[in-house]
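Enquirer: I am attaching a structure below and will ask some questions about it afterwards.
Readers should treat all values here as calculations from the given coordinates under stated rules, not as data from a laboratory. Bear in mind that the values here come from a model prediction, so they are computed numbers and not experimental data. Every residue, glycine among them, receives a Cβ derived from its backbone with ideal geometry; neighbour counts consider all protein chains shown.
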Amino acid sequence: MEHGKPLSATNNPLVDFNAVCQKVRAAVEPARAHAVSLHDEHGDVLWLTESSMGPDEHNAVREAIEAFSSEGGPPVLVSDLGDSRSAVLLRAVNGRRAMVGAIMIVMDARVIKQDARGALKVMTPKLQRVLVDFAAMRTDGAPSPATPARATAAAPLTRADAASARPAAATRIAPPTKALALTPAVGTPEIDRLHAVLLRTPIALHVQRLVPLTKGSEFKRYEVLLRSMSDTAPNAEAQALLKAAVENGLGSMIDRRVITKLIGFLVHHPEIWKTTAVQFSVNLTSTALHDEHFIKFVELCLAKSSLPKGMIAFEIDTTTAVKFAAKMLGIAAALHRLGCPLVLDDFALKTECFALLRLPGVHYVKLAPEITAKMRTDKLSQAAITAVVQMARVLGMHTVAKRTETAAEQEWLTALGVDFVQSNSMSPPVAIESLSKTATPQTTTV
């Protein structure tokens with residue numbers, strides 16, 4: 001495995017865009033921020049505290065990016081959104097004074113005031129520090145003229161013909177979409193409420209180790225499992241939360257939270273992976289496959305964390321992969337380029353599943369439980385397992401059997417050539433914090 005520089009050796013913090021938004025809210029108190037959004041140097045959305053942005057907000061971002069990119073452009077702009085709302089847009093620059101993004105704060109227009117020198121009172125030292133932190137999280141943008149990072153005087157930018165109504169919104173969370181190309185979909189109050197619940201609900205991560213059936217390898221492989229912070233039914237509540245998110249088009253929001261939390265934990269506990277090679281596979285929802293900018297989010301997180309390549313893998317069940325076959329080649333190729341192995345879950349002996357083995361970066365094939373359920377008495381099941389094992393070996397992949405709880409089943413699987421078992425009896429799921437003696441339970445609401 002290739003090891004990058006540890007986080008302590010870099011000047012850049014881990015990508016945690018939601019934390020930046022929360023710091024922005026705190027920095028403008030007691031004034032209330034209706035919404036906070038983070039954008040890259042092109043105006044694409046990186047993170048959004050609400051479930052959507054209307055065209056007025058998108059136009060404000062587009063105009064601000066154009067102004068920020070021009071020579072001598074202002075560091076702060078205010079745009080009238082109508083309905084007594086204004087958007088305060090802050091330019092983020094890197095150490096070379098190149099613009100690398102922008103922050104937009106939607107606020108009540110009445111609280112946005114200027115001091116005697118014409119500077120916005122909202123631009124406090126606390127908010128400036130948040131802006132610097134956000135700039136440090138961004139990859140370098142295109143070179144732009146050197147301009148001061150701090151706000152001085154900012155002339156309000158108004159649009160007399162701006163529409164005052166805010167239309168219904170798209171349901172995806174934080175899709176980095178071109179402002180001019182976005183066409184909002186119809187949203188509902190229920191979707192907005194669900195989005196708020198998903199954002200506030202604390203999550204926990206558990207891991208389950210894949211147990212090798214042959215001795216010799218010290219490489220530890222884990223599947224990352226989502227849990228709620230509930231003491232009564234953490235698994236059931238987490239699955240209900242995930243199901244609701246996927247059914248309402250918000251699944252990639254959960255995926256992003258899991259990735260952020262996992263990478264953050266690993267960065268702060270390098271003792272887990274510096275002494276022994278490990279790998280953590282994260283399940284992806286079908287929503288993430290639709291989110292064309294999800295891969296970019298993963299790339300940003302990995303680049304800033306400097307974790308070893310191959311440590312973070314992604315798991316997709318074959319039913320979903322077959323359903324979205326047209327997208328899978330591009331997704332698999334992108335993950336392979338980032339050094340993220342791919343795991344095919346619930347692999348069945350079906351013709352449509354075989355094509356998935358051609359995808360770049362597939363390292364593991366998890367057998368569908370129905371294949372292994374009758375392996376001790378059904379010769380066809382035995383033949384099916386042997387066939388998948390042989391295909392995987394020829395292609396340089398490992399095989400995993402799930403839900404095997406008895407020693408007799410494990411003996412059969414070993415004889416048939418399966419590499420790993422995922423078993424609650426041999427290795428039950430545990431809180432990820434248990435992997436580190438120095439860890440303390442995390443209760444973030446990222």
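Enquirer: Pick out, in residue order, every one of the GluC sites (Glu not before Pro) in the range 332-408 that is DSSP loop and has at most 16 other C-beta atoms within 10 Å; say none if there are none.
Expert: Those satisfying the criteria are GLU405.
Enquirer: Let me ask you something else. So what is Rg over Rh here for the range 267-355, counting just Cα atoms and using Kirkwood for Rh?
Expert: Details: Rg = 14.2 Å, Rh = 14.1 Å.
Result: Rg/Rh = 1.01.
Enquirer: What aspartates and glutamates sit close enough to LYS126 to cross-link, taking a C-alpha to C-alpha distance under 15 Å and skipping anything fewer than 8 places away on the same chain?
Expert: Leaving aside aspartates and glutamates fewer than 8 places away in the same chain, those within reach of LYS126 are GLU29.
Enquirer: Tell me which lysines have Cα within less than 25 Å of LYS296's Cα, excluding those fewer than 8 residues away on the same chain?
Expert: Result set, ordered by chain and number: LYS5, LYS23, LYS178, LYS243, LYS261, LYS304, LYS309, LYS323, LYS327.
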